[in-house]
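Data block below; observations after.
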Ligand SMILES: [Zn+2]
């Protein structure tokens with residue numbers, strides 16, 4: 001079955017790619033910057049002798065090189081375009097032209113290959129005006145080959161035009177770059193690719209949902225060739241009716257709904273079972289949890305962008321329905337909470353990389369523990385909330401902000417003997433008599449007083465620090481204020497008798 005689909009796909013691909021390869025400048029998708037520069041040079045008859053086309057794969061570098069080669073050799077040019085019908089154009093179209101030579105530098109990178117080229121450039125073109133050398137993946141040439149090529153570029157014969165194409169300009173020597181006119185090619189925006197696929201679907205009479213085309217274009221990642229190739233796979237797979245759901249099935253993407261569920265569980269008071277269930281489900285269905293980490297990170301990026309008010313489909317890479325779902329999820333969530341989740345998942349991603357996790361089970365362990373940790377973190381009171389509570393606490397004492405004086409006055413009025421006895425009873429262990437306690441208290445009084453003073457000072461330092469220091473720096477130090485306060489303040493000074501009443505939320 002799989003074998004059949006593969007064969008079917010490749011046949012479709014050849015057919016579509018051949019049928020829709022642009023043969024004129026005006027048919028090329030995007031790259032208007034490079035095209036208009038070339039068109040102007042043609043109009044004003046000032047074409048250079050060497051061009052370098054630089055940009056990602058599948059965006060039209062070789063296509064434009066071929067159109068240019070046809071135009072300079074066309075016997076009957078139509079303005080800036082080649083006629084595509086004369087002898088020269090036809091030979092170039094069917095690949096039999098002796099005037100246009102295409103070299104794949106990935107497989108002809110040796111010095112001998114370039115020496116051959118240097119020998120051949122001497123010969124004049126046979127039909128057209130120029131001998132055109134299109135060298136694809138030119139960054140793959142060896143150092144010696146670059147040196148040999150440079151000699152030709154330095155003194156090119158009148159009848160030669162070089163068009164070099166590369167995806168990695170940083171690997172090309174400066175000496176070569178300085179001899180070329182450099183054109184940068186860009187990825188094609190998703191919306192533009194979608195429109196292009198829509199035109200093809202119409203011409204081919206294929207029924208396809210708009211959202212499906214958007215997802216196909218997204219998968220193409222800015223490349224016309226890749227989008228087209230993926231479109232053909234989908235055509236074979238769907239057999240007539242192409243829907244967004246079927247495209248998702250084939251891209252093997254995790255559904256937005258699962259991501260939304262996980263985020264919803266994190267933000268709400270979910271049980272650990274609820275929290276982990278989606279991950280266990282993915283695992284049991286044989287899903288790739290390593291890839292899930294990456295996709296979830298991408299999803300969180302989108303949540304943050306939508307939270308910041310961005311709605312551009314192209315930028316978000318999402319169909320309208322999904323944007324709406326995510327808007328509903330994030331609309332009432334504080335930004336910091338989203339950022340906390342993003343930050344933790346980003347760390348998870350880095351950890352999974354450094355740990356070199358080998359399988360989806362290892363990924364599952366990391367994800368589960370991370371989700372529990374994030375949930376815990378999101379539902380602990382924030383520093384703001386703690387300071388707010390402390391101020392509420394101080395109001396219960398004096399109606400003022402907390403000061404040493406008004407905070408500790410109350411604890412000084414405690415009867416330590418009574419408290420200790422009470423504590424004994426509550427803990428129900430090793431119950432002591434009143435005289436035993438009195439003796440112990442007296443012995444410990446001096447030491448305890450000094451301990452109390454230390455603790456008191458420490459607490460006040462903490463509080464001042466929390467109030468004055470920049471909150472971000474404070475958190476970065478991973479200082480757990482809440483625990484500090486509980487152990488140093490509440491644990492020491494608040495007894496059962498003067499227990500703080502539960503603070504109102506506001
Ligand atoms: Zn022609």
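The values are calculated or read from the model by the stated rules, or taken from the named source; none is laboratory data. Since the model is a prediction, treat every value here as computed from it, not as a measurement. Note: ideal-geometry Cβ built from the backbone for every residue, glycine included; neighbour counts use all protein chains shown.
Is it the case, given these coordinates, that residue 76 is part of a loop (DSSP other than H, G, I, E, B) and away from the ligand (no atom under 15 Å from the Cβ)?
Details: part of a loop (DSSP other than H, G, I, E, B): yes; away from the ligand (no atom under 15 Å from the Cβ): no.
No.
Would you tally the residues in segment 16-56 being closer than 23 Å to residue 198 by Cβ and in contact (Cβ under 8 Å) with a residue 12 or more places away in the chain?
To start, the set of residues in segment 16-56 that are closer than 23 Å to residue 198 by Cβ comprises 16-32, 35, 56.
From what's left, in contact (Cβ under 8 Å) with a residue 12 or more places away in the chain: 16-17, 20-26, 28-31, 35, 56.
So the count comes out to 15.
Testing residue 188 on (1) at pLDDT 90 or above; (2) surrounded by fewer than 16 Cβ atoms within 10 Å (Cβ to Cβ), one condition comes back false. Which one is that?
(2)
Determine whether segment 143-152 contains at least one residue that is in contact with a strand residue (DSSP E or B) (Cβ under 9 Å, 6 or more places away or on another chain) and touching a residue at least 60 places away in the same chain (Cβ under 8 Å). Quick ask: steps written out before the conclusion?
Going through segment 143-152, the residues in contact with a strand residue (DSSP E or B) (Cβ under 9 Å, 6 or more places away or on another chain) turn out to be 149, 152.
Okay, now just the ones that are also touching a residue at least 60 places away in the same chain (Cβ under 8 Å), so none.
No; the residues of segment 143-152 include none that is in contact with a strand residue (DSSP E or B) (Cβ under 9 Å, 6 or more places away or on another chain) and touching a residue at least 60 places away in the same chain (Cβ under 8 Å).
Go through segment 244-270 and give me each residue that's touching a residue at least 60 places away in the same chain (Cβ under 8 Å) and under 17 Å from residue 220 (Cα atoms). Give the steps one after another, and end with the answer.
Of segment 244-270, the ones touching a residue at least 60 places away in the same chain (Cβ under 8 Å) are 244, 256-257, 260, 262-267, 269-270.
Residue satisfying the conditions is 244 alone.
Listed here are the residues, each with its yes/no results for (1) at pLDDT below 90; (2) within 40 Å of the chain's Cα centre (by Cα); (3) on the phi < 0 side of the Ramachandran plot; (4) outside the structural domain of residue 155 (by TED's automatic domain parsing).
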| position | (1), (2), (3), (4) |
| --- | --- |
| 10 | yes, yes, yes, yes |
| 42 | no, no, yes, no |
| 52 | no, yes, yes, no |
| 96 | no, no, yes, no |
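Just need a number here: residues in segment 109-128 that are more than 16 Å from the ligand (Cβ to nearest atom) and in a loop (DSSP other than H, G, I, E, B).
Of the residues in that region, 6 qualify.
Go through segment 80-108 and count every residue that is assigned to a loop (DSSP other than H, G, I, E, B), near the ligand (Cβ under 9 Å from one of its atoms) and closer than 11 Å to residue 66 by Cα. Steps first, answer last, please.
Filtering segment 80-108 for residues assigned to a loop (DSSP other than H, G, I, E, B) gives 80, 82-86, 94-99, 105-108.
Still in the running and near the ligand (Cβ under 9 Å from one of its atoms): 82-86.
Okay, now just the ones that are also closer than 11 Å to residue 66 by Cα, so 82.
Total meeting the criteria: 1.
Only residues that are surrounded by fewer than 21 Cβ atoms within 10 Å (Cβ to Cβ), in a helix (DSSP H, G or I) and in contact with a helix residue (DSSP H, G or I) (Cβ under 6 Å, 6 or more places away or on another chain): list them for segment 236-254, please.
236, 237, 238, 244, 246, 250, 251
Residue 61 versus (1) out of contact with any strand residue (DSSP E or B) (no Cβ under 8 Å at 6 or more places or on another chain); (2) at negative phi; (3) away from the ligand (no atom under 16 Å from the Cβ): which is the lone unmet condition?
It is condition (1) that residue 61 fails.
For residues that are surrounded by 16 or more Cβ atoms within 10 Å (Cβ to Cβ) and under 26 Å from residue 189 (Cα atoms), scanning just segment 39-56, find the one that is nearest to the ligand (Cβ to nearest atom).
Once the filter is applied, the top-ranked residue is 39.
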